Each structure stands twice: as structure tokens, then as C-alpha cells.
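Since the structure comes first, as C-alpha cells, the remarks are kept for the end.
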Protein chains: 2
Amino acid sequence: MEAAIETLKREGFAGASARAIASTAGVNQALVFYHFGTVNDLLLAALDATSERRMVRYQEAVANAAGPAEVIAVARDIYREDLDAGHLTVLGAVIAGASTVPELGPALIERIRPWIGFTAEHLGGMLGGSPLADLAPAEDAAFAIVALYLGMELLTSLDGDQAHAESLFAALERLSLPLAALLGTPAKQEGHPHA
Amino acid sequence: MEAAIETLKREGFAGASARAIASTAGVNQALVFYHFGTVNDLLLAALDATSERRMVRYQEAVANAAGPAEVIAVARDIYREDLDAGHLTVLGAVIAGASTVPELGPALIERIRPWIGFTAEHLGGMLGGSPLADLAPAEDAAFAIVALYLGMELLTSLDGDQAHAESLFAALERLSLPLAALLGTPAKQEGHPHA
DNA sequence: GTCTATACTTGGATAGAC
DNA sequence: GTCTATCCAAGTATAGAC
């Protein structure tokens, strides 16, 4: 599984053949099928492994962040970490691969769902009773954020250029202060307590 | 090229082989190589064709929209149109494919750049002298929007489920009113005219 | 320009020895 | 569990007839 991650990062989905992965691992190609049945299953197992590691990391990082400014800083740091660790690369590669191997689709949405859930949960906590909560449900915002992360990773992987992403995070940091003000003040709540 | 678009929409990148495309077109497989040299070049040509059509459509649609609310409505309508026309599908498929065929990467960024430029241009017009313009440059926002579109398309294509995207657009429409207020009122400009 | 035929390559997958 | 050997399918690409 480590070799699969390594190969996905280095060669992308197309390069992640049973032969290539086995060669990275220094073992024989047939072992892939002995242990995992198919290459796709190995790829999904590898994705699960890195996802789990990253989820733990995300949770501890977000737990220590209070308010939009810190959360955005955490998001940026973690995005960088993800790129280094190759987690986003692996995810992007497999999602990209899913467009070429449709069987992967359903397996992948199951693996992305927790990330949307995780994001929605923390957004929900932040938006709390703020006026934004009614306008923009946490689930929608979470979907958008996950889609944004994914789109950024794919665009960034096309050129090697990370300037766009960094510049975007810088802009978000600048936005975090007025945003904090907006969230901090529950603002003219007209007090209509709907369920 | 029509057959290539059709095949990409129906079968994804993996299914878009010279054989499959030729079969869709009702011609012989060898013609792909006679006319386009390689399959990738055909795919890029097809992408160019649909991109050009869509760009014309985007421009005329956005030209008639004034203010955030209308622009968001236009964005939603056009997103739906794109899904129908398959333009986003084709783009998503080829981008996904690029992760498996690295030679496509540079060719693709050249083809995406105009879309970021187009988006930035119109955002620039809208943000104008608003207080947001300093905090969030149009280029960053444009990059984010394009990434978001792409990510949405890829996530949506994993399941067949468009509910997320529709729900997100609905939320954005609700947000467009306060946003319009924010943009309309140049707001407490402390009047520090920096270059 | 379009076809048939075919060479070549790569990768998934299995059988069977060890 | 790991290896060698091998089969088979699918795809790119080219040669050459028409």
C-alpha cells in the first residue's frame, strides 16, 4: 500500500499499474493480485490508508483552531501538508481515474462523504447561530469547500504551479477578519426561532 | 470531433479510444490517426471546439446580467447547460485523463487560462471599487470559481447525483442579496487611496 | 480519404513450482 | 507467500490496397 501511494504520487493513475507498484515495492507483480485481488482494490485500500491518517491530522488541527482566521490558517497549512504527503494527489489521481474506470465511482463517493461530513460539522459549529447559517447551510458550504479543494489540486497538478493556490489562501486570510466580525456578532437577529 | 465529444460524454476518458470514437462516428479507426495524428490531439481538438462554443455562450449570457444576483442565476443556468451539453464533462474527462497522460497537462492549462481570465474580467467589473476588491483580487476569486466548477463537476460525475450542486446554487442565490448590498454600498471607505 | 490487415506494446490476471 | 511463466484483451500506430 505504501508503494501504491508512492507510485500514484510519482506517476499518476495511469502509471500505477500492478507492475509499476510491485516494482516500487520491490516485489513481484503477481502479489498484487494475491493480496488485493485487483489493482483497483489495492488503490482503494491505499486511499483508505492515507485518508485515515489525514483525517486524524485534520481533526487534531481543527480542534485547536478558534474562529475563521485560525481555521483558514489551518486549512492553508493542511493543504500544504496534503500536497507534501501526497494525500490530495492520491485522491485526485484516483478520482481522475474513476472517470476512466467507472466502477470506482461509487466506492469513491463513500470515501469522500466523510470529508464533507467532517467539514460540515466544523462549519456548523462556527456558523452557529450567525445570520449566515440560514442563508448558507453548512452542508452546502462543506460540499463547496471539498469541491474547491479537489479542483485546486487538479488545476495545480496540471502545471506545477502552486502560486494560484497560495495567492488564494492569502486572500482568504485577509477576508477572515471581516468574516470573523460577521460571525462574531449574531447581528440583528430578528428572533424568529424556527425548528 | 463530434464523435469524440459524444464518446467522452458517454464513456469517459478511458472509453474514448480511437476505436470507440471511430465506431461512434461510423468510420474506421485508422482515420483518427490519418486526420489527427494521435488520439490525444483529437481529444484536444474536440475540447477546443466545445470550449469555443461555450465561451461564446458565456459571454452573451454574462453580458446581460447586472449585479451579483443575476450573475449567480446565470452561473447556475449555464452550469446546467454545460452539464447537458457535456462541456464540463468533456473538460473534466480530459483533465482527469491528464493525470494519467502527463503530456496533456501543459496543453490543458493553456485551454483553461482563458476561462480564468474571462471570470476574472467580469468579477473585476463587479467588484469594482467595492471594499472587497482590495481583500480578494479578482484573479484569486476567478481561480477559486473555476476550481470550484471543476471540482463540482468531478464530484457530481462520481455519483449521478446533482442534488449537491443544485442545493449549493440555491444557497448562493440566497446569499446574493446581502452580497449585492455589500457591493452596492462602497461602505465605510476610510478613504486611504493607495495605488 | 477511407478501408483492411497487422505489428507492437502494455497491462490485468491466472497456473503452478517452490 | 513469493516467485516464474504465460495467457489474453485492448489499444496505438503503420503499411498498403482501393
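None of the figures in this text is laboratory data; all of them are computed from the coordinates on show. Because the structure is a prediction, the values reported are computed rather than measured. All Cβ positions, glycine included, derive from the backbone under ideal geometry; neighbour counts span all protein chains shown.
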One decimal, nm, nearest first: from B:GLU121 to the same residue in each other copy, label points 7 Å out along Cα→Cβ, the values are 4.5
May I ask which residue of A:GLY37, A:SER51, A:ALA63 lies farthest towards the positive end of the charge dipole of region A:1-70, with charges of +1 (Lys, Arg) and -1 (Asp, Glu) on Cβ and the Cα centre as origin?
A:GLY37
Taking the Cβ of each residue in A:PHE33, A:PHE143 as the centre, tally the other Cβ atoms inside 10 Å and list the residues starting with the fewest.
A:PHE33, A:PHE143
Between copies, how far apart are the B:GLY37 label points? List them in nm, one decimal, shortest first, with each point 7 Å from Cα toward Cβ, please?
4.3
Nm distances between the label at B:ARG19 and the same-position labels in the remaining copies, 7 Å along Cα→Cβ, shortest first?
1.8
Between the Cα axis of helix A:39-63 and the main Cα principal axis of chain A, the angle (0 to 90°, nearest 10) is 30 degrees
Listed residue (A:LEU148, A:ALA181, A:ILE78) projecting farthest to the positive dipole end of region A:44-195, Cβ model:
A:ALA181
Convex hull per residue volume in Å³, alpha carbons only, for region A:1-142:
105 Å³
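List B:ARG53, B:ARG111 from most exposed to least, where exposure is judged by having the fewest other Cβ atoms within 10 Å. Numbers along the way, then the final one.
Values: B:ARG53 12, B:ARG111 18.
Sorted ascending by nearby Cβ count, the order is B:ARG53, B:ARG111.
Multiplying the sequence separation of B:ALA170 and B:ARG53 by 0.36 nm and subtracting their Cα-Cα distance, what value in nm do you get? Please report the intermediate quantities before stating the final value.
Details: separation 117, 0.36 × 117 = 42.12 nm, distance 2.66 nm.
Extra length available between B:ALA170 and B:ARG53 comes to 39.5 nm.
Count charges around A:ASP159 for me, please; just the other residues with Cβ under 13 Å from its Cβ, Lys/Arg as +1, Asp/Glu as -1. All intermediate terms of the calculation are to be shown ahead of the outcome.
Values: positive: B:ARG111, B:ARG113; negative: A:GLU153, A:ASP161, B:GLU110.
Net of charged neighbours comes to -1.
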